[in-house]
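A.B. asks: Before I ask anything, let me first share the structure, which is written out below as structure tokens.
The values are calculated or read from the model by the stated rules, or taken from the named source; none is laboratory data. Keep in mind the model is a prediction, meaning the values are calculated, not measured. Neighbour counts run over all protein chains shown; Cβ positions are idealised from the backbone, glycine included. Heavy atoms of the whole protein, side chains included, go into the accessibility calculation; ligands, DNA and RNA do not. Shrake-Rupley method; radii C 1.70, N 1.55, O 1.52, S 1.80 Å.
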Amino acid sequence: MIDKVHINSLPNSDFSKFMNEVLDIAAKNDPATLKVQKQEEKLRAIMGQADEMFQAREGFKMGEKLAMLDMRRDRAITGIITYVNALTYHFDESTVRHAEKLHKHLEDYGGEAIARENYDSETASIRSILRDWETKPALKVAVTALKLEDWAKALETDNDAFDEQYQTRTGEAPAPSPDALRTKRLEAITAYYELCEHIAAYHVVKKGAEPFSKTVKELNSPIKRYNNMPSR
């Protein structure tokens, strides 16, 4: 007999892995010989759709990471602007001159409004600012004098990380709703049980002949493994 699997409790990633293992076992033992071609094709088609939905859902989680990275670079550029503005009131005239030079430069790019620009514009503005700081001697001297090198490095790291994540997300389909995911999982579960019921029935009718006996044993192996997995 094919053992029962606690399939409803599996998270999407493990659900997908389990179902695809089942499909691999069926394919290896030849669906035609097992007399489950129709059932195998049905489950494979549904899992193809389900996997696309799972991947889109993971993309949604990536979107949450994108928002976090955007917040980090917003804080970095705002911190730099606030710090530079404060130093324009410094008691040391040399410090004031350097701060005023950087203040004007940052204002030319929008000042505090940089953090409110759209994604692409903010990425481009930050890169241009940092490039100017590296290539324009007066600005480079000011950055060094005000000890802004670590700030600049942190801003560059956060901006590059954001852009990399943003490029990955571009063009992805909207994440499916929880109800749509639940419905697709239920379709896959129904198709899975239809496949197993046919294999089990022929296993009985054929009195354990191959490849039915071998297939049942191979199916029970991942079932046992996934049933013993700790809850997540």
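A.B. asks: Just going by the charge dipole of the chain, with Lys and Arg at +1 and Asp and Glu at -1 on Cβ, which of Pro211, Tyr193, Ala50 is farthest out on the positive end?
C.D. replies: Pro211
A.B. asks: Provide Rg over Rh for segment 82-132; use the alpha carbon set for both Rg and the Kirkwood Rh (inverse mean inverse pair distance).
C.D. replies: In segment 82-132, Rg relative to Rh is 1.05.
A.B. asks: Which whole-number percentage describes the relative contact order of the chain, with Cα contacts under 8 Å and a sequence gap of 6 or more?
C.D. replies: Computed over the chain, the figure is 39 percent.
A.B. asks: While we're on this one: Within the chain, which complete DSSP H helices have Cα atoms spanning at least 20 Å along the helix axis and a mean Kyte-Doolittle hydropathy of -1.0 or higher?
C.D. replies: For the chain, where a helix must reach 20 Å along its axis and average at least -1.0, the hits are 12-28, 37-87, 119-135, 178-205.
A.B. asks: In square nanometres and to one decimal, what's the mean projected area of the convex hull around the Cα atoms of segment 1-103?
C.D. replies: Mean orientational projected area (segment 1-103, Cα hull): 11.3 nm².
A.B. asks: Under 16 Å from the Cα of Lys140, which aspartates and glutamates turn up, not counting those fewer than eight places away in the same chain?
C.D. replies: Within reach: Glu100, Asp132, Glu149, Asp150, Glu156.
A.B. asks: State log₁₀ I(q)/I(0) for the chain at q = 0.11, 0.15 Å⁻¹ as given by the Debye formula over alpha-carbon point scatterers of equal weight, solvent excluded.
C.D. replies: For the chain, the Cα-only Debye profile gives -0.68, -0.94.
A.B. asks: Which shape class applies to segment 79-176: rounded if a/c is under 1.5, otherwise prolate when a/b exceeds b/c and oblate if not, where a ≥ b ≥ c are the square roots of the Cα gyration tensor eigenvalues?
C.D. replies: Prolate, because a/c is 1.5 or more and a/b exceeds b/c.
A.B. asks: Right, here's the next one. How large, in percent, is the carbon and sulfur part of the accessible surface of the chain at a probe radius of 1.4 Å?
C.D. replies: Summing carbon and sulfur atoms, their accessible area is 53 percent of the total for the chain.
A.B. asks: Something else now. May I ask for the longest run of the chain untouched by chymotrypsin sites (Phe, Trp or Tyr not before Pro) that are loop-located per DSSP and have at most 14 neighbouring C-beta atoms (other than their own) within 10 Å?
C.D. replies: The segment 92-232 is the longest one with no such site.
A.B. asks: Kindly report the accessible area of the chain per residue (heavy atoms of protein chains, probe 1.4 Å, no ligands, DNA or RNA), in Å².
C.D. replies: Accessible surface, normalised per residue, equals 57 Å².
A.B. asks: Ranked by accessible surface with a 1.4 Å probe, highest first, in what order do Ile77, Ile2 come?
C.D. replies: Ranked from most to least accessible, the order is Ile2, Ile77.
A.B. asks: Lysine pairs in segment 1-120 with Cα distance under 21 Å, only those 8 or more apart or on different chains: how many are there?
C.D. replies: 7
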